[in-house]
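The values are calculated or read from the model by the stated rules, or taken from the named source; none is laboratory data. Note that the structure is a prediction, hence the values are computed from the model and not measured. All Cβ positions, even for glycine, are placed from backbone atoms using ideal geometry, and neighbour counts span all protein chains on display.
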Amino acid sequence: MKPEILIATNGFQGTWTAIEYGAWLAGLMQSNVTLLGVTEKSGSATLDDHHPLENIFASAVELFRNKGVNYSLEIHNGNAEHVIPEKANQGDFLTVVSPLGRSWLRHWLTGRSFRVLMEEIKGPILYVPRVRLPLQNLLISSGGLGYEVAAENLALQVAAASRADVTLLHVIPPTDLDYPTTRDVREHMTDLQDTDTLLGRSLRKGLEIANEAGLKANLVTRQGHVVEEILAEIRQGNYDMVCMGSRYGTHALRQLYTPNVTAEVAEAANCPILTVRHTHGLL
């Protein structure tokens, strides 16, 4: 079952990237769209002021109609970082967001909006700092321990619909521990998918699913600081979308996909980032 797409805007012009990309994705996946507009309080606003939501909603409606996308419109009052998660958690949504135009001071005081949304939204999130279309190369950054399965499944649905090439990336972090698992990983850098480890089985399964869908898929292994290596691969591969696994880590091979890792990648990468929380039965 494909999730309905929830696109959020507070009227900031930069959120148009979420609307444009969300409309494209809805057409690709044949999903319905809910466009959520958040009216945030302004101390200088008057009743006669022209709210920025008016223009962006008018343009969005025209875009949806041109693409033949079924849509509904909602406007809520409040703070976007509170309103968006509240709406997103009311249904099976894939929530599409972009930067909300916050000041550097607000970032310093409360953190970036994307981090707040990640903490609160239970379903998939697609963060779109920049539109990159057509979707031809998709990167799935995999912890290889099963926690990325929900994100991987959704990413492969998108890849199959757009006929994009898929690359699975696994980053081996620096470690001084000499557990059998870490020894196996270090000794099989070039053929992890052929090993009978949990990591190897997970990577092999991902490649098999992609191949069964008729996609061109390959595996890349890197070693080093997780965030730095993911960003290096994004730059080198010039990917059009990146899929991160769960924001929850595990005891083995350190906690690879904590909220900070996903957020740091999303804030530095110049392409859409898809992330899905690890929950049973999400997709």
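Would you point out which residue out of Val69, Val83, Val61 is part of a loop (DSSP other than H, G, I, E, B), surrounded by 13 or more Cβ atoms within 10 Å (Cβ to Cβ), modelled with pLDDT of 95 or more and assigned by TED's automatic domain parsing to the domain that holds Glu120?
Numbers: Val83 fails: part of a loop (DSSP other than H, G, I, E, B); Val61 fails: part of a loop (DSSP other than H, G, I, E, B).
One residue alone meets the criteria, Val69.
The rows are residues; the columns are (1) among the hydrophobic types (A, V, I, L, M, F, W, C); (2) in contact with a strand residue (DSSP E or B) (Cβ under 7 Å, 6 or more places away or on another chain); (3) at pLDDT 80 or above; (4) within 22 Å of Gln157 (Cα to Cα).
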| site | (1), (2), (3), (4) |
| --- | --- |
| Asp178 | no, no, no, no |
| Met189 | yes, yes, no, no |
| Glu212 | no, no, yes, yes |
| Gln223 | no, yes, yes, no |
| Leu231 | yes, no, yes, no |
| Pro259 | no, no, no, no |
| Ile273 | yes, yes, yes, yes |
